[in-house]
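The values are calculated or read from the model by the stated rules, or taken from the named source; none is laboratory data. What you see is a predicted model; the values in this text were computed from it and never measured. Cβ placement follows ideal geometry from the backbone for every residue including glycine, while neighbour counts extend to all protein chains displayed. Surface accessibility is based on the protein's heavy atoms, side chains included, excluding ligands, DNA and RNA. Shrake-Rupley method; radii C 1.70, N 1.55, O 1.52, S 1.80 Å.
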Amino acid sequence: MTFDRSYIENFAKQYVEKHVTAPPNGKMEVIVSAIDPRIQIKPCESPLQANIPENHNSRNVNIKISCVDSRPWYIYLPVKIINTIQVVVAKENISKGSLLDDTNLELVYHEQKKIRGEWQDDTGDLIGGRAKRSISKGTLITKRNICIVCKGDSVTIIARSDDFSIKTSGIALKDGNIGEQIRVKNKRSGKIISARISAINQVIIDL
């Protein structure tokens, strides 16, 4: 069998797409380098084989394409793998202190390797939060530039156990995001407690 360059390049691409897993809820783009036109592709008596090195860095891979017959041969094809995932970014310029909502947030695909910080992948979790600093259009929304509960916010304090729960009101003494512990002042008693942020303007104490 005689194989042209485009066939081999496409064979390598399909092999990578089948054997390399795309990120959860993300996409994978596979770019195969063109075979050097000076390389002569010899015929092969059997179907081509492909192999991915075990210790590749998941971004740049050299695929080994082999012909295993009475006159064996092989070539290496450099392949670039670009993984993109959905992240929340600023849909427009957001000024410091602005509320986050559907008008200034959007989901886009972003190259995973270029992402820094704890990115967000659901706009719904951020609605009602506020910008801690000015955020430029297209900037990733991270825990560093927003707060779900911001210092000075009125919050509902829920003290709960397996048997009961009690609600009261308080004032946040620190910025924070979902799952983080912050200090809160109980409006009634004046006592300062540590509580975990569970939602917009809501904190929880597990008894």
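Calculate, for the chain, the solvent-accessible area per residue in square angstrom, rolling a 1.4 angstrom probe over the heavy atoms of the protein chains.
Details: 12700 Å² over 207 residues.
For the chain, the per-residue accessible area is 61 Å².
Taking label positions 7 Å along the Cα-Cβ direction at both Gln181 and His19, the computed distance is 4.8 nm, reported to one decimal. Relative contact order of the stretch 1-104, taken over Cα pairs closer than 8 Å and 6 or more residues apart, is 29 percent.
Note on the stretch 1-153: dipole from Cβ charges, positive end direction compared against Ala131, Cys44, Ser6; the farthest Cα belongs to Ala131. Along the charge dipole of the stretch 51-152, which of Leu105, Asn145, Val79 sits closest to the positive end, that is, farthest toward it, with unit charges on the beta carbon of Lys, Arg, Asp and Glu (+1, +1, -1, -1)? Positive-most Cα among the choices belongs to Asn145.
Note on the stretch 18-144: with neighbouring protein chains present and a 1.4 Å probe, carbon and sulfur make up 45 percent of its accessible heavy-atom surface.
Percent of alpha carbon pairs in the stretch 91-207 separated by more than 22 Å? Provide the component values of the computation, followed by the final result.
Numbers: 2604 of 6786 pairs.
So the portion of pairs separated by more than 22 Å is 38 percent.
Each residue of the stretch 59-126 gets 118 Å³ once the volume of the Cα convex hull is shared out per residue. For the chain, the Kirkwood estimate of the hydrodynamic radius, built from every pair of different alpha carbons, is 21.2 Å.
For Val155, the residues whose modelled amide H falls within less than 5 Å of its own, excluding neighbours fewer than 5 places apart on the same chain, are Gly170, Ile171, Ala172. Residues in the stretch 100-117, backbone N under 16 Å from the label point at Glu29 (7 Å along the Cα-to-beta-carbon vector): list them, ranges by number please. Within reach of a label on Glu29: 108-115.
Annotation: peptides 174-181, 185-192, ranked by per-residue average of other Cβ atoms within 10 Å with the highest first, follow the order 174-181, 185-192.
So for the stretch 141-207, what percent of the C-alpha to C-alpha distances run longer than 13 Å? Mind showing how you got there, number by number?
On the way: 1273 of 2211 pairs.
Counting every Cα pair in the stretch 141-207, those more than 13 Å apart make up 58 percent.
The modelled label-to-label distance for the pair Ser165/Phe3, using points 7 Å beyond Cα in the direction of Cβ, is 6.0 nm. Each stretch of four or more DSSP H residues adds -39500 (n - 2.57); spread over every residue of the chain, this sum gives -2500 deg cm²/dmol at 222 nm. Helix 5-19 and the long axis of the chain differ in direction by around 40°, with both axes built from C-alpha atoms.
Charge tally for Ile82 (other residues, Cβ to Cβ under 14 Å; Lys, Arg +1; Asp, Glu -1): +3.
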